[in-house]
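Heads up, the thing below is written out as structure tokens.
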Amino acid sequence: MQGNLSQFGHNFQIKSIVCLMVKTDFIEQVYDIVDPKYYDNDALKWIVKECVAYFIKYKKTITLDAFKAIINNIENDILKTSIVEILKEVYQHFEATDLDFVQDKTLDFFKNQKLKNAIVESVEILEVNGDFDSIKKLIDEALRAGMGRDVGHKYLDMIEYRYSNMARDTISTPWNLIDELIQGGLGAGELGVVVAPAGVGKTWVLAKIGSHAFKYGKNVVHFTLELNEAYVGLRYDSIFTGIANQNLKYHQEKVVETLKQIEDTDGGALTIKYFPTKSASVHTLGTHLQKMISLGDKIDLVIVDYADIMKDTSYATEVRHALGSIYEDLRGLAGELKVPIWTASQANRSALEDDVIEASKVAESYQKVMTADFVISLSRKMGDKAADTGRFHIIKNRFGPDGMTFPSKINTDIGLIEIYESNTKPGQEQQKKIDSRDYIERKMLGNKYKHLLEKS
């Protein structure tokens, strides 16, 4: 960015002041690098200066009462009137839905300005005496500018937090058994991966997860990099109505009626966005999501169908490194947006006739498994497809036990996917009994999160 905030317009500057007044984490980051001269007029500059001065003195954001007291001391009536009018605008934007976006853009601008000023000063030093130590210090300080000042939480002070429902903000899946294993669902900032061979049903599983969240009031964004938007939409139609995909054209009224019922019962929002295969990077998705947020959309869950066919921007020479980089970036995006992200990955061709698909059958890069928080595989042999059966296997679970296999009923004509409890373990025949401790723990988890599953 160059120049000042004027390039973003008056409305943007007003919202950046809102961030200074209501977002403690923001002013903590910028109070030592913000310069009032970045803003367009004297009233804006005065307000910014007082926001920063108040925070430095009291270590908290400025209040309306404090502003009133300070304004009374202004002798310039024209300036006073202008400040009052600006503050009225500011308070009208306190509930704006894009403040996080504004905060990020403003922070970037302040940091860039700090670095730009340091470079200019460094040139002057170089011309005068060539003091490289001073130049290095200037540049280092500029690069550290705006870094978060949160050094972490004291372990002994976090006991209550660790055992509260706030520790993980989760969104449940359609399957109680899976939610038991991952303590209520996939959480904000976490990455879940569905592994399966081609043509087995990865998209159906992802759509099932998306439909469950949407039905119970969550705002879902489904990125499709293989099938077009209309085709993915038809899969959701089948899931909601139970009508076979190929027969939907004869039952449009039923689809409309069903979706109206979901809408009337506090259903969320579902956005389906298509990018051609290999055309979209994680950065592309992130930019699109930030655009949605800036337009007022709230995002609770993101689905990427699927990560293996995304564009790599790491310039890695080997496929495995490229894929590993994509999954790392995808998890980073989940953390940045503070939402769960579900995606899918191909299994090797050799897995097509495997009873259970384990980690060794994940195509190209084991880094995918290492990066993800939860990885589940779906195996369906030729006989399974004919019988509408299959098996889900827990490859990795950061939140509980893994290595478990569950039989399932799967009908990809109507999007029916059900998961049943089983005592099977990978590489073993049906067991006569399950480890009692594991069984009890999972049942306890199921009871604990039952109310969440009914509501979320």
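Please treat every number below as a calculation from the coordinates, not as lab data. What you are looking at is a predicted structure, and each value in this text was computed from that prediction instead of being measured. Here Cβ is always computed from backbone atoms with ideal geometry, including for glycine, and neighbour counts include all displayed protein chains.
Things worth noting here:
- Among the GluC sites (Glu not before Pro) in region 295-361, those located in a DSSP loop and surrounded by at most 15 other Cβ atoms within 10 Å of their own Cβ are Glu318.
- Across region 83-88, rounded Karplus estimates of 3J(HN,Hα) from the backbone phi angles (6.51 cos²θ - 1.76 cosθ + 1.60, θ = phi - 60°) give 5, 4, 5, 5, 5, 4 Hz, Gly and Pro being marked x.
- Stretching the chain fully between Ala316 and Arg398 yields a gain of 26.8 nm (0.36 nm per residue, less the alpha carbon separation).
- A Förster distance of 25 Å, applied to the separation of the beta-carbon atoms of Val84 and Lys60, puts the FRET efficiency at 0.65.
- With the simple model of a label 7 Å out from the Cα in the direction of the Cβ, Asn41 to Arg144 spans 3.9 nm.
- Once both labels are positioned 7 Å from their Cα atoms along Cα-to-Cβ, the gap between Tyr250 and Ala230 label points is 2.1 nm.
- Remark: the Asp77-Asp413 segment gains 113.7 nm on full extension, using 0.36 nm per residue and subtracting the alpha carbon distance.
- Backbone geometry of region 348-364 corresponds, through the Karplus equation with coefficients 6.51, -1.76 and 1.60 at θ = phi - 60°, to 3J(HN,Hα) couplings of 4, 4, 5, 7, 4, 10, 7, 5, 9, 9, 9, 4, 5, 9, 5, 5, 6 Hz, x marking Gly and Pro.
- Residues Ser6 and Asp157, FRET efficiency given R0 of 41 Å [Cβ-Cβ distance, rounded to 0.05]: 0.40
- A straight line joining the Cα centroids of region 334-372 and region 52-82 runs 55 Å.
- Packing around the peptides 249-255, 179-185, 339-345, taken as the average count of other Cβ atoms within 10 Å per residue, puts them in this order, highest first: 339-345, 179-185, 249-255.
- Dipole of the chain [Lys/Arg +1, Asp/Glu -1 at C-beta], most positive-end residue of Tyr366, Pro407, Leu378: Pro407
- What you get for region 5-144, charging only the Cβ of Lys and Arg (+1) and of Asp and Glu (-1), is a dipole of about 280 debye around the Cα centre.
- Helix axis angle, 42-58 relative to the chain longest principal axis, alpha carbon, degrees: 80
- Ranked by the mean number of other Cβ atoms within 10 Å of their residues, highest first, the peptides 8-19, 271-282 fall in the order 8-19, 271-282.
- The order of the peptides 366-375, 224-233 by mean Cβ neighbours within 10 Å, most packed first, is 366-375, 224-233.
- Computed label-point distance, nm, for sites Asp169 and Tyr420 using a 7 Å Cα→Cβ extension: 3.8
- Sequence-distant aspartates and glutamates (8 or more away, or on other chains) whose Cα lies within less than 20 Å of Lys57: Asp25, Glu28, Asp32, Asp35, Asp65, Asp150
- Where only alpha carbons of the chain are counted, the Rg and the Dmax (Å): 26.6, 86
- Sparsely packed loop sites in region 37-133 (the trypsin sites (Lys or Arg not before Pro) outside DSSP H, G, I, E and B with at most 16 other Cβ atoms within 10 Å) comprise Lys59, Lys60.
- Between the amide H of Val195 and those of Ser345, Ile376, Ser377, Leu378, distances stay under 5 Å, these residues lying 5 or more places away or on another chain, with hydrogens modeled in the peptide plane.
- Karplus-derived 3J(HN,Hα) values for region 130-138, using 6.51 cos²θ - 1.76 cosθ + 1.60 with θ = phi - 60°, are x, 7, 5, 5, 5, 5, 4, 5, 4 Hz; glycine and proline are entered as x.
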